[in-house]
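The values are calculated or read from the model by the stated rules, or taken from the named source; none is laboratory data. What you see is a predicted model, and the numbers here were worked out from it, not measured in a lab. Cβ coordinates were reconstructed from backbone atoms using ideal geometry, including for glycine residues, and neighbour counts include every protein chain displayed. Keep in mind that these areas ignore ligands, DNA and RNA; they rest on the heavy atoms of the full protein, side chains included. Shrake-Rupley method; radii C 1.70, N 1.55, O 1.52, S 1.80 Å.
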Amino acid sequence: MYKYKLTKEIIGTKVIWHYRDFKIKNIFPNHTYPKWVVKLDGSEVYSNGNGTRKEMMNWIDNYYMKAWG
């Protein structure tokens, strides 16, 4: 498996991670527990309430493995 570069974008107080063609965000809905969200072209494709950025990256890698074998 290839290693892809994870890049960081800071917009105000928000941090958005770019990995492959996806954006990974850590949002705080209603100022409670954090929620990791994976977006593709502005649409949410996956989320995990208690996950980590690394788990989101693994999900993206598995997504590509399933899509292209």
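Per residue, how much accessible area does the chain show when a 1.4 Å probe rolls over the protein heavy atoms, in square angstrom?
Values: 5350 Å² over 69 residues.
Counting only protein heavy atoms, the per-residue value for the chain is 78 Å².
Between ASP41 and ILE16, the simple label model (points 7 Å from Cα in the Cβ direction) yields a spacing of 1.6 nm. On the chain, 51 percent of the accessible area sits on carbon and sulfur atoms, based on a 1.4 Å probe.
Under the simplified labelling scheme, the ASN48-TYR63 pair shows an inter-label distance of 1.3 nm, with each label point 7 Å from Cα along Cα→Cβ. For the chain, the percent of C-alpha pairs falling in each 5 Å distance bin, counted from 0 to the bin holding the largest distance, reads 4, 16, 27, 27, 16, 6, 3, 1.
Taking 23 Å as the straight-line reach from the Cα of LYS14, the lysines in range (excluding those fewer than 8 positions away in the same chain) are LYS5, LYS23, LYS25, LYS35, LYS39, LYS54.
Quick check on the chain: helices-only [θ] at 222 nm, where DSSP H runs of length 4 and up contribute -39,500 (n - 2.57) each and the sum goes over total residues. Nearest 500, please. Working shown, then result.
On the way: 1 runs with 16 residues, N = 69.
Calculated at 222 nm, the ellipticity per residue is -7500 deg cm²/dmol.
Arrange the peptides 5-11, 19-25 so that the one whose residues have, on average, the most other Cβ atoms within 10 Å appears first. Walk me through the numbers before you get to the answer.
Working: 5-11: 8.9, 19-25: 16.7.
Result, highest mean first: 19-25, 5-11.
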